[in-house]
Amino acid sequence: MTKRGILLIAVVVIVIATLAVSGVFKHRTPPAPEPVVVQPEKPDITIAIDPGHGGRDPGGVVGDVLEKNVNLEIANRLAELVDAQAGLKAVLTRTTDVTVDNRLRLQLAEGAGAVLYLSVHTNSYDDPSVHGAETLVDDTRAKDGPSWKLAEAVQNALIAATGARDRGVKKQGLYLEHTKLPAVSAEVGFLTSTDERAKLLDPAYQDKIAQGLLQGILDYLHATGELKEQA
């Protein structure tokens, strides 16, 4: 082999070695993909709905009309509306005609992680001319506290939805004192009023009541920041 050939081979070897050292011939590992961060879904806001009375406790009785049944009808309608709302979930303290201790109702709501407690009732009085809707707050609650704010939101929306006489928000000694949850009792009308009883038994009017109660809940949740307004 000539000197020129040997020199050429040497040059080629040097070039290849240089390229190898510089990493040109190294296997290149593709960069790892950016990790995908999956945001956990925000848990639903739980609303406790209590159909007042039940089982051995009929509540108000007018003829063959039992308050416990009317309460359950309205509460079931409200629960359906709550469940249809994005981000909300309803929990009922009873779904059938059973006796449930009042303290247990509150414990069920708390155990379910509810952010508020709404008890549904119909009213009675010995004067059949008395009518209208009112919302009750336990008399241990501060007037500027969450329960009063919830009661005002529920009362205002209930009246707007039904057109019932506005009997306002009232305080009363209630079993609701045994929970720290914002808690109110909506008295949606009087069974002892002939005209109002007919409405309370009408499914269409029950829907109006449920819509009003739902709107009150939504207004309260928006005001407190628990639920953001939809864009």
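Read the figures in this text as sums done on the coordinates, not as results from a lab. Everything quoted here is computed from the prediction, not taken from an experiment. Positions of Cβ are backbone-derived with ideal geometry, glycine not excepted, and every protein chain shown enters the neighbour counts.
Structure notes:
- Cross-chain or 6+ apart pairs with Cβ under 8 Å, the range 52-63 first and within 22 Å of Leu136 (Cα to Cα) and without any contact (Cβ under 8 Å) to a residue 12 or more places away in the chain, then buried (at least 19 other Cβ atoms within 10 Å of the Cβ) and among the aliphatic types (A, V, I, L, M): Pro58/Leu66
- Selection of first residues in the range 132-144 that are under 8 Å from Lys171 (Cα atoms) and of second residues that are among the basic types (Lys, Arg), restricted to Cβ pairs under 8 Å at least 6 apart or on distinct chains, gives the following pairs, ordered by first then second residue: Leu136/Lys170; Leu136/Lys171; Val137/Lys170; Val137/Lys171; Asp138/Lys171; Asp139/Lys171.
- For the range 181-191, the criterion of a residue being surrounded by fewer than 20 Cβ atoms within 10 Å (Cβ to Cβ), of a type outside the set (A, V, I, L, M, F, W, C) and not in a loop (DSSP other than H, G, I, E, B) is satisfied by no position.
- Matching residues in the range 125-153 - criterion: being buried (at least 18 other Cβ atoms within 10 Å of the Cβ) and of a type in the set (S, T, N, Q): Thr135, Ser147
- Among the residues making up the range 70-101, those that are part of a loop (DSSP other than H, G, I, E, B) and over 19 Å from Ala114 (Cα atoms) are Thr96, Asp97, Val98, Thr99.
- When the range 154-176 is filtered for residues that are within 23 Å of the chain's Cα centre (by Cα), under 23 Å from Ala223 (Cα atoms), surrounded by fewer than 23 Cβ atoms within 10 Å (Cβ to Cβ) and not β-branched (Val, Ile, Thr), the ones remaining, listed by number, are Asn156, Ala157, Ala160, Ala161.
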